[in-house]
Amino acid sequence: MSSTGELAAQLSALFRSEKLDTAESSSSAATKFITDKLNLQDSQDAEAQCRMLTNIIDACVEEQVAQTISTAVLGEVITLMSESASELSQDVRQTALNHLLSKVQQRTSTFESAIIETRQALARILISDEKWEEAARQLQGIRFEQSQRSYNTKQMFE
């Protein structure tokens, strides 16, 4: 099992060693990193998968990891957790997204888009479980009026 510090160092080294000059190349490197780490876990061991995801999330918010790296990796974690066809269980996905939200919520200005995407992903999982009130609470937690970006009404309703 990789510690958070080891994962943070691996992330930083990976992004330094690769020629990641576009968002697409950063995204594919982040996806490969996450899937490689998850593939090291027993696919039947939800607890180990969840532990690895939380360690990756913790590594992303370490000070030694550059914000561009954190943003790319967290974005891919959110994308992976949002996929309904994911091999990960709903519980693992929901736990990982809740952990991600708890880690980045205090740093709203840095991780604003990650917070919004995480809340939307959590809402989709809760809706699929027919937990309407919890889904609504997640969406209600999105603070558009405090956002650094401007959103039109259509974007807010989506």
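Can you pull the one-decimal nm distance between simple spin-label points at Gln106 and Glu47, each 7 Å off the Cα toward Cβ?
A separation of 2.8 nm, rounded to one decimal place.
Can you tell me the FRET efficiency between Arg143 and Ala13 if r is taken as the Cβ-Cβ distance and R0 is 22 Å, rounded to the nearest 0.05?
0.05
Multiply the residue separation of Asp129 and Ser89 by 0.36 nm, subtract the distance between their alpha-carbon atoms, and state the gained length in nm to one decimal.
Between Asp129 and Ser89, full extension yields 13.2 nm more.
Between Asn39 and Thr68, what is 0.36 nm times their sequence separation minus the Cα-Cα distance? Round to one decimal in nm. Spell out each step's value before the answer.
Working: separation 29, 0.36 × 29 = 10.44 nm, distance 2.45 nm.
Length gained, Asn39 through Thr68: 8.0 nm.
Enter the accessible area per residue of region 62-138 (Å², integer; probe 1.4 Å; all protein chains in place). List each step's numbers first, then the result.
Working: 3960 Å² over 77 residues.
The answer is 51 Å² per residue.
Of the listed peptides 121-129, 33-41, what is their order by residue-averaged count of other C-beta atoms within 10 Å, with the highest listed first?
121-129, 33-41
The values are calculated or read from the model by the stated rules, or taken from the named source; none is laboratory data. Here the structure is a predicted model, which is why all the values come from computation and not from measurement. Every residue, glycine as well, gets a Cβ built from its backbone with ideal geometry; the counts of neighbours run over all protein chains shown. Heads up: the accessible areas ignore ligands, DNA and RNA and are worked out on the full protein's heavy atoms, side chains in. Shrake-Rupley method; radii C 1.70, N 1.55, O 1.52, S 1.80 Å.
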